[in-house]
1. Say whether the condition of being within 20 Å of T464 (Cβ to Cβ) and either aliphatic (A, V, I, L, M) or crowded, with 17+ Cβ neighbours inside 10 Å (or both) is met by at least one residue in segment 392-402.
2. If the Cβ limit is 8 Å and pairs must be 6+ apart or interchain, which residue in segment 155-182 that is among the aliphatic types (A, V, I, L, M) pairs with which residue that is at pLDDT below 75?
3. Which of the residues spanning segment 449-480 are assigned to a helix (DSSP H, G or I), at pLDDT 80 or above and among the polar types (S, T, N, Q)?
4. Could you list all residues from segment 183-222 that are free of Cβ contacts under 8 Å to residues at least 60 places away in the same chain and buried (at least 18 other Cβ atoms within 10 Å of the Cβ)?
5. Can you name the residue in segment 649-669 that is farther than 18 Å from S597 by Cβ, out of contact with any helix residue (DSSP H, G or I) (no Cβ under 6 Å at 6 or more places or on another chain) and not charged (D, E, K, R) and is also modelled with the lowest pLDDT among such residues?
6. If you go through segment 674-685 one residue at a time, do you hit one that is in contact with a strand residue (DSSP E or B) (Cβ under 7 Å, 6 or more places away or on another chain), modelled with pLDDT of 85 or more and closer than 23 Å to K713 by Cβ?
7. Residues of segment 800-814 being crowded, with 21+ Cβ neighbours inside 10 Å and either within 13 Å of N719 (Cα to Cα) or among the basic types (K, R) (or both), which ones?
8. From the list S508, S446, S435, which one is among the polar types (S, T, N, Q), modelled with pLDDT of 75 or more and surrounded by fewer than 14 Cβ atoms within 10 Å (Cβ to Cβ)?
Amino acid sequence: MEGRSGGWIEVNGEGILGKKLVDKSIFRHGTTIPKDEAHKYFNTINREYLQRGENEVVTILVDGKEFKALFRNVKSDKRDDTYQFLFRKEIKNYIKENLPKSYKYIFKYKENPNIEKPQEYIGFYKTDKLNTFRVELITDDNYSFKELPNEDENITKETVAAASENNKALKEEFFKYIGDKEENINRKYQKTYKIVLLIALLELADFEGKAIYEDVCSYIKEIYIERHKEGLAVETFDSEIQKSIKNLEINTVKKVMNENPYNVISEKDYIFKEYVDEVEYLSFNTELWDELIEEDKEELKDILKYKLNNYYLEKNLGENMDPRKYYLYNTVCENPNVWQHCLEHECAAISYIQNLDTAGTITRVINVAKQIRIGDKIIAYAKPQQILAVGEVIKTYYEEMDKSKFVYNGVNMDKAKECRTYNQRIGVRWTSVLSHPLYVDKFDKSIEQKNTLEKANSAFGELTKKGFNDAEKLINSILLKNDSRHEGVVNDVTADPEETDKLEEAISEKISILEESNFQSKDVIDYIYNYIAAKGYEYSRDIIKNLYLSLKTKPFVILYGISGTGKSKLVELFAEAIGASREDGTYNLIPVRPDWSDASELIGYRNIEGKFQLGILTNIIKKAIKHKEIPYFVCLDEMNLARVEYYFSDILSIMETRDKIDEEVKTDKLIRKELFAGDLEAVERFEALYIPENLYIIGTVNMDETTFPFSKKVLDRANTIEFNEVDLDFDFDRDENVEAAKIYSNELLCSEYIKIAQCREKKDTAKEVIDELKTINWILEECDMQFAYRVRDEVVFYVIYAVNEEIMDFQKALDYAIKQKILPRIGGSSGEIEKCLLKLFILFSNMNKSNFASDYIDEDTLDKMFKYLKEDKKELKEGSKEKSSCRYPISSEKILKMLWRFNRDGFTTFW
């Protein structure tokens, strides 16, 4: 291989960005990228350039494990743009563990020229995920160390023995300098600065005892910020840290650390600073660090943290300022009796029982309950997003033994959910109690918590002091005003009559000016495309056609792709073009929250009083049923921030009950009877609700580390439209005269077919589609990825609509349907998956089988497949041929990407 500067070697092949011989820099801080190769890395971070001093946080995948690193342009006036990967402690330690030969050669043998160097490499690869690189560590399995000549070996042993004695003495001095737990804190520590500096360095130091100084200061900042959140002083009043704590910046921390603590400790020769490739590092003395074993480091951290707490106590900045903690008590909204019982018996009652709950959950919750002390403050909470009361703890955790005080006292108590006794308790005096629950919009932002997920998953979640104070103010303001208009959820039941009349008037006017029903669908699609383009947005005509056909096939569609491609905007503009708007409620954006664990936010729930509260989606459905003439749109924005199966499965199941009844498409009832409990008014108003034929739900999806994947249950029930291709060109000369939005009836999008038997008049098209699907399914059976009737029917409907309304030809429509309904289901790491994908590619692309020597696919074969598709697209674009050589070019291209991923990572998915 031809060598290059910095140990980099020439590489070829799809996916690989660079490959480097392992050197000292890899273990110490990372690596600098050759200047002429840096452009390869920018696609992965979706950037064209980084300013000097600018960086991007990236994910490094090594052997399936994720590590964080920085990709940056060095801040320097002395040289040209210099791009580097800066590795954190965790990945450096992992590299050390997995490349022990190179590490030993570099650090133990000091790169002795008399010893052959191991030929070990680190390779960088691109991935399908934004800001994510894959790294391969290539070991020299045939290498073994040769013995040093005797003379060199004797010198080395003598040197090591002498150094060892010196290092032991240095370690003893350092421990003496730190001191033990018993000594007076004021002798050495007039401030917390030296303590937190050493704690941070011990926590962050890599195997060489080094840490990026900026990271150390950031860690220190978080120590102070967390303490401030508790309502505690972080330092004495004269401290720059205390003065700046409300807006504490890393630069302030760095300035304070440099002024005294660093100077004092470095003068003792225990720590030092150095620059490596213009990155500032804080390091322990090398000899000292080499002498410290893991037990020493843990002991030092323990002593320093003890001294930190002791400092706050001796300076009267500790627990004496505000010893209380603040909690959110999650009441049992499904059983209103429990809350009433808590009020009557002055307690916060919980029930965690063996065989009914997991052991881990029981241990975690009970441990938290036992930490709650007398004097701590409590806010009573009910799902979703409601607060009920303020309380103060008057008795620590206990188990009530008096059966007359149990919530339930049945013979099978604590053996079934409905018979729980709720005898595990904290004594609480409830001092401020609302007569009705108060719904708090944007709860997690309004009421600050230590962990926002605890309120959904645990009986007690800890609040910050600020979070408690804000909740208490809300409750007290309601009690003071004693105005029922401020209590409870403002929903359809309590809506302002005047506002309702205005909306009704607007919708009635809209219905009166509907477009004539003799429209041609393809003309409407052209109009929608032109309307959106005139608004200044770039979407291809095929995307508009595809969205229209997908909605007509089934009123649930998923748009997925990288962030910023305009998925949510397309939904809004598409709806707007045919007459829907936010103002009259015919277009609705619902942002999905990560803590959604059931359908209560969308469908509804019983509040703590046993009253049914209407969900967001149910309220929209109620209005849509009232105005069946026009379409209603719901955009579930970032719908996989929470697990879709948890909060949307009930709705998906109800969608599958669609049927034509008296020429109208209806579903089974939306709300289960048990949700109403004894709320007779809610039964009368909402029991008959169903999902109407004029409601269209479109979910937008980003696939990254913050989101959840989809199950086949979801994928089978939706068309999945991909948004990953980005054309950054913009036509500045196009016509910007926006045509007034037209108002179309629901007839435009309403499904004509619900069951395949209804397609008899189009049976020739249907049979042709089914024949193709049978061939595909035979291939998929080999890897257990075959589909069933639901997918078959919806692919048939899609193609019939496309062909019958002259929107797409047969091949193109089936191509889109295959990609959107069949390919998303395929994924895995087995060899059968790869074989099936290859067979599908050959079928879809019409590529000559002679190009494939075997079922195994190497990079050369993938490169041939890529060139084949690229040439086909080029010839079509140039006009040298009228029709693609591929049977299904869109699906072929997607399968190739999936095969590339399988070849690179050993597994693949559609996403």
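The values are calculated or read from the model by the stated rules, or taken from the named source; none is laboratory data. In this text the structure is predicted, and so the values were computed from the model without any measurement. Every residue, glycine as well, gets a Cβ built from its backbone with ideal geometry; the counts of neighbours run over all protein chains shown.
1. Taking segment 392-402 as the starting set, the residues that turn out to be within 20 Å of T464 (Cβ to Cβ) are 392-393.
Now restrict to residues that are either aliphatic (A, V, I, L, M) or crowded, with 17+ Cβ neighbours inside 10 Å (or both): 393.
Checked segment 392-402: at least one residue is within 20 Å of T464 (Cβ to Cβ) and either aliphatic (A, V, I, L, M) or crowded, with 17+ Cβ neighbours inside 10 Å (or both).
2. Filtered contacts from segment 155-182: no entries.
3. Of everything in segment 449-480, those that are assigned to a helix (DSSP H, G or I), at pLDDT 80 or above and among the polar types (S, T, N, Q) turn out to be N469, N476.
4. To start, the set of residues in segment 183-222 that are free of Cβ contacts under 8 Å to residues at least 60 places away in the same chain comprises 183-184, 187-188, 190, 200, 217-222.
Within segment 183-222, A200, C217, Y219, I220, K221 meet the criteria.
5. Among them, the one singled out is I661.
6. At the first step, the residues of segment 674-685 found to be in contact with a strand residue (DSSP E or B) (Cβ under 7 Å, 6 or more places away or on another chain) are 675-677, 679, 682.
Right, trim to modelled with pLDDT of 85 or more and you get none.
Within segment 674-685, not a single residue is in contact with a strand residue (DSSP E or B) (Cβ under 7 Å, 6 or more places away or on another chain), modelled with pLDDT of 85 or more and closer than 23 Å to K713 by Cβ.
7. Within segment 800-814, A813, L814 meet the criteria.
8. Working: S446 fails: surrounded by fewer than 14 Cβ atoms within 10 Å (Cβ to Cβ); S435 fails: modelled with pLDDT of 75 or more.
Being among the polar types (S, T, N, Q), modelled with pLDDT of 75 or more and surrounded by fewer than 14 Cβ atoms within 10 Å (Cβ to Cβ) holds for just one of S508, S446, S435, which is S508.
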